[in-house]
1. Just to compare against my own numbers: the Cα pair-distance distribution for the chain, 10 Å bins, whole % per bin, please.
2. I need the peptides 175-188, 81-94 ranked by packing, meaning the mean over residues of other C-beta atoms within 10 angstrom, with the highest value on top.
3. Output wanted: per-residue J couplings in Hz (rounded whole) for segment 31-44, from phi through Karplus 6.51 cos²θ - 1.76 cosθ + 1.60, θ = phi - 60°, x for Gly and Pro.
4. In what sequence, highest mean first, do 60-72, 145-157 appear when ranked by Cβ atoms within 10 angstrom?
5. Please list, in order, the residues from segment 177-210 whose amide nitrogen is less than 15 Å from a point placed 7 Å along the Cα→Cβ vector of GLU16.
Amino acid sequence: MKLKICGMKYPENILEVGALLPDYMGFIFWGNSARYFNGTIPELIKTIKKVGVFVNQSQEEILEKVAQYNLQAVQLHGNESVDFLSELKKQLPNKIEIIKVFSADNDFDFESIKPFESVCDYFLFDTKGKLPGGNGTTFDWTILKKYKSDKPFFLSGGIGMNELKAIEEISKTNLPIYAVDINSKFEIEPGLKNKNLFSNFKRKFDVANF
């Protein structure tokens with residue numbers, strides 16, 4: 001199972017966290033976010049994939065950020081349609097991964113996301129809340145029993161140290177969980193991550209070998 005840390009903002013902190021070797025590092029390019037990123041990404045270890053997070057933004061803006069920051073993945077947190085993703089997929093270099101986010105609650109209809117399977121590489125399930133992401137709360141993971149797709153997905157939404165046991169339990173299922181996505185539970189302030197807390201989490205995450 002891979003590990004993604006999202007909402008990075010400050011160059012020195014990016015390097016500190018990058019030294020701990022997460023698989024993915026997310027940068028939010030949605031202007032209304034407290035974690036909005038418009039700086040310079042320092043050079044990271046090559047194994048870390050840089051992810052650009054967007055919310056209902058134009059293909060032109062997404063492609064511009066991909067080129068500007070040499071992104072390896074884009075994460076779409078808005079109401080982007082299948083047609084939008086299909087066209088974006090044509091415009092992006094083949095190596096760029098597309099992650100489509102869905103906000104989940106007990107009423108979530110998993111059948112509604114089937115049309116997206118062919119136009120993205122991964123799904124990401126986050127907690128339905130006031131903001132597109134970073135709400136700091138988990139959703140009821142038992143609803144994922146209704147997930148019948150083979151499309152691998154990121155598990156997100158308020159994941160912190162206290163969720164390690166739950167991650168261990170859900171990893172024993174047949175669900176195609178590709179990665180765990182963490183953010184707000186590891187922050188000193190929006191965009192500034194506690195490297196020691198993250199280091200502790202990652203060490204236990206790696207030892208568990210989900």
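Bear in mind these aren't lab numbers, they're just calculated from the coordinates by the rules spelled out. Keep in mind the model is a prediction, meaning the values are calculated, not measured. Cβ placement follows ideal geometry from the backbone for every residue including glycine, while neighbour counts extend to all protein chains displayed.
1. Spelled out per bin, shortest first, that is 8, 37, 39, 15, 0.
2. Taking the mean over residues of other Cβ atoms within 10 Å, the ranking is 175-188, 81-94.
3. So the Karplus estimates, Gly and Pro as x, are x, 7, 7, 5, 9, 3, 10, 9, x, 10, 7, x, 5, 9 Hz.
4. Sorting 60-72, 145-157 by mean packing, highest first, produces 145-157, 60-72.
5. 186-201
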